[in-house]
Amino acid sequence: MTWLTVDDNFADHPKVEALSDKAFRLHVSGLCYCAKHQTDGKVVASRAARLVGYTSKALTELLGAGVWHTSPDGFEIHDFLDWNPSKADVTKRRNASKERQRKHRESRVTESVTEPVTNGVLSNPLQSTVSSPSDRDKNYLQAVGE
């Protein structure tokens, strides 16, 4: 999961403060979309029309305020990558985290842990305590007196 970075002065910025409620909602919805889908601040035109708060008037307002810019595929949010990590940075951080966790897990493997447990391959844990079917049949017959 990614996180959207928004400065606590975000709503007070002159470009943002002047936005109507609909345009503000569309802008925040666009920011969240870009962070969630790691688009590096780009919103394709077909997706913009489905964001919360979208109206053509709100979109025109964002473009006029310089909060969003047109791009070949749709729109780009102004300064998105100044405040949020790029997709490449997120991928790099995730891969480094996976590698760190793998090394940590490997370092915790000891002689007392068996190979099947270490590699997640477990046999039936009840297998050693359950009698074979023929033994159960014999025990039943003995219990009922036959």
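Here are the numbers for this structure:
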| read-out | value |
| --- | --- |
| Length-normalised contact order of the stretch 1-109 in % [C-alpha pairs under 8 Å, at least 6 apart] | 28 |
| Linear extension gain, residue 9 paired with residue 139, 0.36 nm per residue minus alpha-carbon span | 39.1 nm |
| Sorted by Cβ neighbour density within 10 Å, fewest at the top, the residues 68, 83 | 83, 68 |
| Filter on 15/57; 15/92; 42/98; 36/92; 15/42 - keep pairs with C-alpha separation over 23 Å | 15/92; 42/98 |
| Ranked packing of 12-25, 31-44, most packed first, by mean Cβ within 10 Å | 31-44, 12-25 |
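A short reminder: the numbers here are calculations on the coordinates, not readings from a lab. Owing to the predicted nature of the structure, the values given are computational and were not obtained by experimental measurement. Methodologically, a virtual Cβ is constructed for each residue, glycine included, from the backbone with ideal geometry; neighbour enumeration extends over all protein chains shown.
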